[in-house]
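Written below as structure tokens is the structure these notes are about.
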Amino acid sequence: MVSCPNALNIRSAAGQVCKAFGVRLVTNPNIVYLAQNGGFDSLFIDLEHSALSITDAGNMSTAALLAGLTPFVRVPYQCGNGYVQKVMDAGAMGVVFPHISSSKEAKACVSIAKYPPLGLRSMTGQLPVFNYKATPAETVVEDSNTSASTVVVMIETQEGVESVEDIAAVQGVDVLLIGSNDLAIELGVPGGFRTETFRTALEKVSAACKSNGKVMGLAGIYGQDDIHQWAINTLGVRYILGQQDSGLIAQGAAKCSAAIPEPTSTGSQ
């Protein structure tokens, strides 16, 4: 049995939202406990837009497993199967694949992330998700494919939206995650998250997820409650990247600085 329940599976099955905390700047694994104290269910460890290493991702994944948070890792675009294998063997319970635009690409994601018969992932022993215990191969395969190898494909291209029904139909794909910033740019409406063009694209992804029994996720839109309400209650989004560490530090720094008053008098001291 895996050492940490998959919060996404549990919460989405119950009609709840799995809240993810993004890590792209902080390398100290203690960030996991700050995320836990903040009420998050999952980590979104970003190796695409950061200088974090696989070792950093492994350390944070292990800390997350111990804390009961589900660690997902976003890998760089077209990073190669070997890179994905190392991320999963380091402790990730799921992999986020950016810029997926076709069912062929989605099938390649499943192939490397899942064990046979769903995929072709290579077997090794003493995995973090099994507490480094010697575990029968059949248990590793069954439990990993069920709850410790979530495949998250990001929809952030025009082609991805056009092919979303085929992508959602791929067996082994678990989540279709909107990459809001890149998708809005591709659609010709940079930052236009409230435009009809952007909303129509998300509605199409939502329909594909619902018809194929897949979880819909949303990333890249922070602090905009009206959009989150619409996404959760109308589109059926059940996985949300709430914010990333860099954004929270920047916001906190600005708020702290603004709260420090200037002197009421300019006289000499």
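Report, by residue number, each residue of the range 119-149 that is part of a helix (DSSP H, G or I), out of contact with any Phe, Trp or Tyr (no Cβ under 9 Å at 6 or more places or on another chain) and within 22 Å of A63 (Cβ to Cβ).
Matches in the range 119-149: P128, V129, F130, S147.
What is the number of the single condition among (1) in a helix (DSSP H, G or I); (2) closer than 20 Å to H49 by Cβ; (3) touching a residue at least 12 places away in the same chain (Cβ under 8 Å); (4) among the β-branched types (V, I, T) that I185 does not meet?
So I185 meets the others, but not (3).
When you look at G252, is it surrounded by fewer than 17 Cβ atoms within 10 Å (Cβ to Cβ) and within 24 Å of H99 (Cα to Cα), yes or no? Break it down stepwise before answering.
On the way: surrounded by fewer than 17 Cβ atoms within 10 Å (Cβ to Cβ): yes; within 24 Å of H99 (Cα to Cα): no.
No: the conditions fail for G252.
Among the residues of the range 73-95, how many are under 13 Å from the mean Cα position of the chain (by Cα) and within 16 Å of R121 (Cβ to Cβ)?
So the answer is 6.
Is it the case that S257 is of a type in the set (S, T, Y) and either closer than 30 Å to V110 by Cβ or touching a strand residue (DSSP E or B) at 6+ places or on another chain (Cβ under 9 Å) (or both)?
no
Restricting to the range 138-162, name every residue that is under 12 Å from I100 (Cβ atoms), more than 14 Å from the chain's Cα centre (by Cα) and aliphatic (A, V, I, L, M).
Matches in the range 138-162: V161 only.
A quick yes/no check of all residues on (1) assigned to a helix (DSSP H, G or I); (2) under 21 Å from G94 (Cβ atoms); (3) free of Cβ contacts under 8 Å to residues at least 60 places away in the same chain; (4) of a type in the set (V, I, T):
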| site | (1), (2), (3), (4) |
| --- | --- |
| E159 | yes, no, yes, no |
| I167 | yes, yes, no, yes |
| G192 | no, no, yes, no |
| T197 | yes, no, yes, yes |
| T200 | yes, no, yes, yes |
| A207 | yes, no, yes, no |
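Can you tell me how many residues within the range 28-49 are small (G, A, S) and either surrounded by fewer than 21 Cβ atoms within 10 Å (Cβ to Cβ) or modelled with pLDDT under 95 (or both)?
2
From the list L120, L176, pick out the single residue that is in contact with a strand residue (DSSP E or B) (Cβ under 9 Å, 6 or more places away or on another chain) and not β-branched (V, I, T).
Numbers: L120 fails: in contact with a strand residue (DSSP E or B) (Cβ under 9 Å, 6 or more places away or on another chain).
Going through L120, L176 in turn, just one is in contact with a strand residue (DSSP E or B) (Cβ under 9 Å, 6 or more places away or on another chain) and not β-branched (V, I, T): L176.
Pick from the range 130-152 the residues that are out of contact with any Asp or Glu (no Cβ under 8 Å at 6 or more places or on another chain) and of a type in the set (A, V, I, L, M): which of them is nearest to L176 (Cα to Cα)?
Among those that are out of contact with any Asp or Glu (no Cβ under 8 Å at 6 or more places or on another chain) and of a type in the set (A, V, I, L, M), it is A148.
For S101, indicate whether it is farther than 11 Å from G172 by Cβ, of a type in the set (S, T, N, Q), over 16 Å from the mean Cα position of the chain (by Cα) and modelled with pLDDT of 95 or more.
Judged against the criteria, S101 is a match.
Go through the residues of the range 8-16 one by one and say whether even a single one is closer than 24 Å to V141 by Cα and among the charged types (D, E, K, R).
yes
Restricting attention to the range 1-27, and to residues there that are part of a loop (DSSP other than H, G, I, E, B) and in contact with a Leu (Cβ under 6 Å, 6 or more places away or on another chain), which single residue is surrounded by the fewest Cβ atoms within 10 Å (Cβ to Cβ)?
S3
Find all pairs meeting these conditions: Cβ atoms under 8 angstrom apart; at least six residues apart or on different chains; first residue within the range 225-241 and within 17 Å of G213 (Cα to Cα) and touching a residue at least 60 places away in the same chain (Cβ under 8 Å); second residue of a type in the set (D, E) and surrounded by 15 or more Cβ atoms within 10 Å (Cβ to Cβ).
none
Output the residues belonging to the range 75-93 that are without any contact (Cβ under 8 Å) to a residue 60 or more places away in the chain and not in a helix (DSSP H, G or I).
V75, P76, Y77, Q78, C79, G80, A90, G91, A92
I'm trying to understand the selection: among the residues of the range 77-93, which are at positive phi and in contact with a Pro (Cβ under 8 Å, 6 or more places away or on another chain)? Steps first, answer last, please.
From the range 77-93, those at positive phi are 78, 80, 91; that's our starting set.
Selection gives G91 alone.
The values are calculated or read from the model by the stated rules, or taken from the named source; none is laboratory data. Because the structure is a prediction, the values reported are computed rather than measured. Cβ coordinates were reconstructed from backbone atoms using ideal geometry, including for glycine residues, and neighbour counts include every protein chain displayed.
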